[in-house]
Amino acid sequence: MTTTLTNLTLKIWRQDGPGDAGRFETYQIPEISDEASFLEMLDVLNERLIGEGTEPVTFDHDCREGICGTCSLMIDGQAHGPQRGTATCQLHMRKFQSGDTIVIEPWRASAFPIIKDLMVDRSAFDRIVEAGGYISADTGGAPDANLIPIPKPVADAAMDAAACIGCGACVAACPNGAANLFTAAKVTHLNLLPQGQAERFKRVEAMVETMDEYFGSCTNHGECEAACPKEISIDVIALMNADYRKAKFKNRKALSRI
Amino acid sequence: MTVTLDAKIPAGPLADKWDNFKADEKLVNPANKRKFKILIVGTGLAGASAAATLAELGYQVEAFTFHDSPRRAHSIAAQGGINAAKNYKGDGDSIHRLFYDTIKGGDFRAREANVHRLAQVSVDIIDQMVAQGVPFAREYGGLLDNRSFGGAQVSRTFYARGQTGQQLLLGAYQQMARQVGLGNVKLWNRTELVDIVVVDGRCAGIVTRDLLTGEVRSHSGHAVVLCTGGYGNAFFLSTNAMACNTSAIWRAHRRGAYFANPCYTQIHPTCIPQSDEFQSKLTLMSESLRNDGRVWVPKNADDHRPPHQIPEDERDYYLERLYPSFGNLAPRDISSRAAKRAVDSGRGVGPLKNGVYLDFSDAIGRLGKAVVEERYGNLFEMYERITGENPYDVPMRIYPASHYTMGGLWVDYELMTTIPGLYAAGEANFSDHGANRLGASALMQGLSDGYFVLPYTISNYLAPWLNKPIPDTSHPEFAKVEAEARDRFRQYLSVGGTRSPDWFHRELGKIIWDYCGMERSREGLEKALGEIPALYAEFQKDLRVTGDAESVNQTLEKAGRVDDFFQLGMVMCQDALVREESCGGHFRVEHQTEEGEALRNDDEFAHVTAWEWSGDPTRPIEHREQLEYEVVKFQTRSYK
Ligand SMILES: Cc1cc2nc3c(=O)[nH]c(=O)nc-3n(C[C@H](O)[C@H](O)[C@H](O)COP(=O)(O)OP(=O)(O)OC[C@H]3O[C@@H](n4cnc5c(N)ncnc54)[C@H](O)[C@@H]3O)c2cc1C
Ligand code: FES
């Protein structure tokens, strides 16, 4: 049943804005129920800070159900904290102990500039999707949905990859700040499906090259897979790389025919 | 004085109305479309699908969201599925049946013509989403799978694991992202609408605030579409995402858009109960759990024993007792009220005595743990992550929570509000669900509005404006509205009181929940109409917002949203007070049968109540739209 954690020390990254150097500040949480979620613990701290007339800690969050991908905290050096397969908003205080010191930082990656405190700008992800993370099918012209049967294992594998919530933990966990897991998850989702075949090679080329404009390069550390709250397999990166190599070859050949 | 609102329903038999509309509407030719600019606020299912489609057609589109990315809209959280009258199972489904189920589920308080159109276009939605690559569940033969949902006797719900909303939103978002990449949609993220600008009686544009820099600026356009979601967070605790709010539709309301049926709110019976006073939101547990779980509370209010020590004959399986034919599968509104009554009688369970048990021990005994795990494993895991309790060993604890709002801006058949040029789509409008929404119908409605309705209806409004000048942002009205917005945000900062916006929101939510939640009474509503203005006065005197208006300030954003929830809360209670009947999610204790069931009054209340802003939220002006039923006949819902 419910117990109370006492005497927690939080070391939180505070940064007034993009230009500010930033620093850690220390806050005490004298007690908190172990039923509270990690973000509710921060809510309590923020209520107290407002009461004291100081600015609360800025952090991104929304659904608090592990699906929107908005929450994004580095907790004790781990993206989304200690519980595997769990986004920050789903993490609860029962995973901690009285007397713990907890270090809370924003995602750190050159492609994700810090906006304020723990809030970062992840819009580079949208740029990758805009470059090709879609199937071009204008509204209105679609054939009957059951016209193309899709084998269940293919649909399931596409769904596994499509489960990505776009939180950016993979980038934050990667020593190179690479976005390969994010990009490959979308490439895999669309490239596995029959509907995605027409643009398969154009898609992978455009997405990979846009990714390279913003993010570091992948050297197969595998930290991304371990940090992913949806436990997306690193195998998707192999598929993306294979398709990219084929694309370079095929697309060049297609162009030479013009 | 009440005026009868005209919904502009096309002529002809019900099944032909939509085709008749399309045959008669005014069109804008392809080359002229680029001369029109459409501003779309909100990029959830409704907004993203509308933005993508209108851009594909050739209009200039600008899309606004307060989120950092359109992919984060609250639509992402929908779990269960989306309905469509495909009849792929050959189990007797049809457009008429989906139409009828939706009207009946809405307790005969929705507009026939809109609901019929929704059922008609539902089939196109599935085709469109599959074309976008949405990985819906499939059978082994490769065809699409369906499941059944509450309020229907056919299997018409399409789903993508427990993440249907996520996959649909990503599909619509990607379709819109393509148009952003092509330069046809301009995307304004982290940008919040803070007001609407009306010039000469027509919507001329919007005023936004940049959430990163605090910059307040104007945008003009030929038409504005609000796809800004529901207001379920008026209750503070709800299953909605934290940022869901009423501000966009409320600000439009204050500029002249009528607000319809604000008291029609849906309370979902199976959510995880509140665990402490810091609780920030409630988590939905899928309704499907009630297929195998049994709901009970101890018979004795002072029973403090752990559940497994309470013998069978000292348990009250109250749904099975009260509704023997539907049992644990009684509809949402009925199950929610029964749970409330059990808890109110002091028989609630859990440390705060604020829940009821949903017990799987019989199912585990009957089917084996493996089968239960296969059916509900992911839900059990989610429950354990949140509560720390293992539902294989200990019964789940559940309690109803605010989930969806059927009310919203009044719109006509073309989805236009009472301000010409201003449209509302998705959960933001009131149009299709009457007094109660069926499961898996909100996703359908959002995509129907955005993909298949607005793109047709909007040209009917735009066509006559071809080559005519419209006011741009240099018109003095824009400057005036901008100044008012700046003043409002400055005002929140200057109150200098002691309490945070969250504190006020929580207190406001308690009042609305207690008096305008699952059960309403004249006495309670009158009390709420005394307490809310009093708390609002305190909000205006004792609010504290730290920081400034020129950089990221989440406390300031919250203050504006809570301000609007206060005003909305007053109108919700007012609406619940004048509706002297019980229907769907609106249950007035004065209007119930001897067995405690809802008692509708079709003679006096088969209408939509649409409120006009009077300048004072305690005195909104009432208007009505009479609901005419040409095809369906009134019936009493019974689940005994
Ligand atoms: C937990 C949960 C589960 C659900 N499951 C189902 C289900 O299984 N099936 C079903 O059919 N329905 C379900 N629903 C309901 C359904 O998800 C919603 O009704 C629907 O997704 C609403 O879509 P929308 O496009 O209208 O709005 P939303 O998705 O809420 O989008 C609102 C958009 O408006 C923007 N916005 C809002 N205000 C402003 C402003 N002032 N300025 C700028 N932008 C603004 C937001 O940024 C966002 O982009 C569920 C709801 C919940 C809470
Ligand atoms: S807040 Fe939505 S995933 Fe964490």
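The values are calculated or read from the model by the stated rules, or taken from the named source; none is laboratory data. On a predicted model such as this, the values are computed, not experimentally measured, just so you know. Counting neighbours? That spans all protein chains shown, and the Cβs are built from the backbone with ideal geometry, glycine included. The protein model used for the area step is the full one, side chains on, heavy atoms only, and it has no ligands, DNA or RNA in it. Shrake-Rupley method; radii C 1.70, N 1.55, O 1.52, S 1.80 Å.
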- Any chance you could get the radius of gyration and Dmax over the Cα atoms of chain A, in Å? 21.1, 71
- Estimated inter-spin distance, residue B:371 and residue A:103, nm [label 7 Å along Cα→Cβ]: 5.2
- Message: Name the residue from B:270, B:392, B:382 whose Cα lies farthest towards the positive end of the charge dipole of region B:268-403, charges +1 on Cβ of Lys and Arg and -1 on Cβ of Asp and Glu.
- Response: B:270
- Note on the structure: Restricting to Cα pairs under 8 Å and 6 or more apart, the percent relative contact order of region B:476-599 works out to 32
- Note on the structure: Per its Cα gyration tensor (rounded if a/c is under 1.5, else prolate when a/b beats b/c, else oblate), region B:476-599 is best filed as prolate
- Message: Using a 7 Å offset from the Cα along the Cα-to-Cβ direction at both residue A:176 and residue B:456, what is the distance between the two label points in nm, to one decimal?
- Response: 5.2
- Pairwise FRET efficiency - residue B:210 versus residue A:154, Cβ, R0 = 30 Å, nearest 0.05: 0.10
- Task: Just report the Cα centroid separation between region B:93-147 and region A:189-253, whole Å.
- Result: 34
- Message: I'd like the Karplus ³J(HN,Hα) series for region A:73-86: coefficients 6.51, -1.76, 1.60, θ = phi - 60°, whole numbers in Hz, and an x wherever there's a Gly or Pro.
- Response: 10, 8, 10, 6, x, 10, 5, 6, x, x, 8, 5, x, 9
- Three-way shape call for region B:292-338 based on the alpha-carbon gyration tensor, with the a/c threshold at 1.5: prolate
- Item | Residues residue B:477 and residue B:550, FRET efficiency given R0 of 25 Å [Cβ-Cβ distance, rounded to 0.05] | 0.50
- Task: Enter the per residue convex hull volume of region B:91-179, computed from alpha-carbon coordinates, in Å³ rounded to the nearest integer.
- Result: 118
- Query: How crowded by other chains is A:123-136, given as the mean number of beta carbons from other chains within 10 Å of each beta carbon?
  - Reply: 6
- Can you tell me the dipole magnitude for the protein assembly as shown around its Cα centre, using point charges on the Cβ only (Lys, Arg +1; Asp, Glu -1), in Debye to the nearest 20? 2200
- Given N residues in region B:82-125, what is Rg(Cα) / (2.2 N^0.38 Å)? 1.09
- Message: Am I reading the A/B interface right? What is its buried accessible area, both sides, 1.4 Å probe, to the nearest 100 Å²?
- Response: 6400
- Task: Can you spot the aspartates and glutamates whose alpha carbon is less than 12 Å from residue B:353's alpha carbon? Ignore those fewer than 8 places along the same chain.
- Result: B:276, B:302, B:303, B:344
- Task: Compare B:588, B:254, A:84 by solvent-accessible area with a 1.4 Å probe and give them largest first, with all protein chains kept in place.
- Result: A:84, B:254, B:588
- Task: Give the accessible surface of region A:5-116 per residue, rounded to a whole number of Å², with probe radius 1.4 Å and ligands, DNA and RNA excluded.
- Result: 35
- Message: For a Förster distance of 56 Å, can you work out the FRET efficiency between the beta-carbons of residue A:76 and residue B:599, rounded to the nearest 0.05?
- Response: 0.45
- Query: Roughly how crowded by other chains is peptide B:619-628, in terms of the mean Cβ count from those chains within 10 Å of each of its Cβ atoms?
  - Reply: 0
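Compare A:202, B:281 by solvent-accessible area with a 1.4 Å probe and give them largest first, with all protein chains kept in place.
A:202, B:281
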- Message: What is the percent carbon and sulfur in the accessible area of chain A, measuring with a 1.4 Å probe over the protein chains and ignoring ligands?
- Response: 52
- Message: For region A:122-256, what does the convex hull of the Cα positions come to per residue, in cubic angstrom?
- Response: 119
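Please state, rounded to one decimal and in Å, the Kirkwood hydrodynamic radius that region B:1-117 gives when every pair of distinct Cα atoms enters the mean of 1/r.
It works out to 17.7 Å.
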- Item | Geometric extent, Cα atoms of the protein assembly as shown - Rg, Dmax (angstrom) | 26.2, 83
- By how many nm would the segment from residue B:621 to residue B:300 grow when fully extended, if each residue of separation counts as 0.36 nm and the alpha-carbon distance is taken off? 110.8 nm
- Note on the structure: Expected sort for B:238-245, B:175-182 on mean C-beta neighbours within 10 Å, highest first, is B:238-245, B:175-182
- Query: Dividing the Cα convex hull volume of region A:5-116 by residue count, how many Å³ per residue is that?
  - Reply: 105
- Item | 24 Å Cα-Cα reach of residue B:558 towards lysines, excluding residues that sit fewer than 8 places from it in its own chain | A:116, B:281, B:480, B:510, B:541
- Query: Under the definition of Cα pairs under 8 Å and six or more residues apart, what whole-number percent is the relative contact order of chain A?
  - Reply: 18
- Cross-link partners of residue B:186 among aspartates and glutamates (Cα-Cα below 14 Å; sequence separation of 8 or more within a chain): A:126, A:130, B:56, B:62
- Based on the alpha-carbon gyration tensor of region B:307-454, what equivalent-ellipsoid semi-axes (square roots of 5 times the eigenvalues) come out, in whole Å, largest first? 39, 18, 14
- Phi-based couplings in Hz for region A:110-126 (Karplus 6.51, -1.76, 1.60; Gly and Pro marked x): 5, 7, 10, x, 6, 8, 6, 6, 9, 9, 10, 9, 9, 5, 4, 4, 5
- Query: Quick one: putting +1 on the C-beta of Lys and Arg, -1 on the C-beta of Asp and Glu, what dipole do you get for region B:374-517 around its Cα centre, in Debye to the nearest 20?
  - Reply: 340
- Message: What's the magnitude of the charge dipole for region A:5-116 around its Cα centre, counting Lys and Arg as +1 and Asp and Glu as -1 at the beta-carbon? Answer in Debye, nearest 20.
- Response: 380
- Query: Could you give P(r) for region B:465-504, binned at 10 Å from zero, as whole percent values over all Cα-Cα pairs?
  - Reply: 23, 29, 22, 16, 9, 1
- Cα extents of region B:590-639 per principal axis, largest first, Å, are 43, 30, 16
- Query: Rg and Dmax of region B:442-524, using alpha carbons, in Å: what are they?
  - Reply: 21.9, 56
- Translational D (Stokes-Einstein, µm²/s) of chain B at 10 °C and 1.306 mPa s when Rh comes from the Kirkwood sum over C-alpha pairs? 63
- Item | Ellipticity estimate at 222 nm from DSSP helix runs (n ≥ 4, -39,500 (n - 2.57)) divided over the protein assembly as shown, nearest 500 | -11000 deg cm²/dmol
- Query: Of the peptides B:33-46, A:26-39, how do they stack up when ordered by the mean number of other Cβ atoms within 10 Å, highest first?
  - Reply: B:33-46, A:26-39
- Item | Hypothetical label at residue B:490: residues of region B:441-481 whose amide nitrogen lies under 14 Å (7 Å Cα-Cβ projection) | B:480-481
- Rounded to a whole number, the mean other protein chain Cβ count within 10 angstrom for residues of B:169-181 is 6
- Query: Could you give the Stokes-Einstein D for region B:404-460 in µm² per second, using the C-alpha Kirkwood radius, 37 °C, 0.692 mPa s?
  - Reply: 288
- Above 16 angstrom, tally the Cα pairs of region B:487-547 and express them as a % of all pairs, no decimals. 49
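Let me check against my output: what whole-number percent is the relative contact order of chain B, with C-alpha pairs under 8 Å and at least 6 apart?
Value for chain B: 21 percent.
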- Message: Out of all Cα-Cα pairs in region A:71-166, roughly what percent, to the nearest whole number, are more than 19 Å apart?
- Response: 63
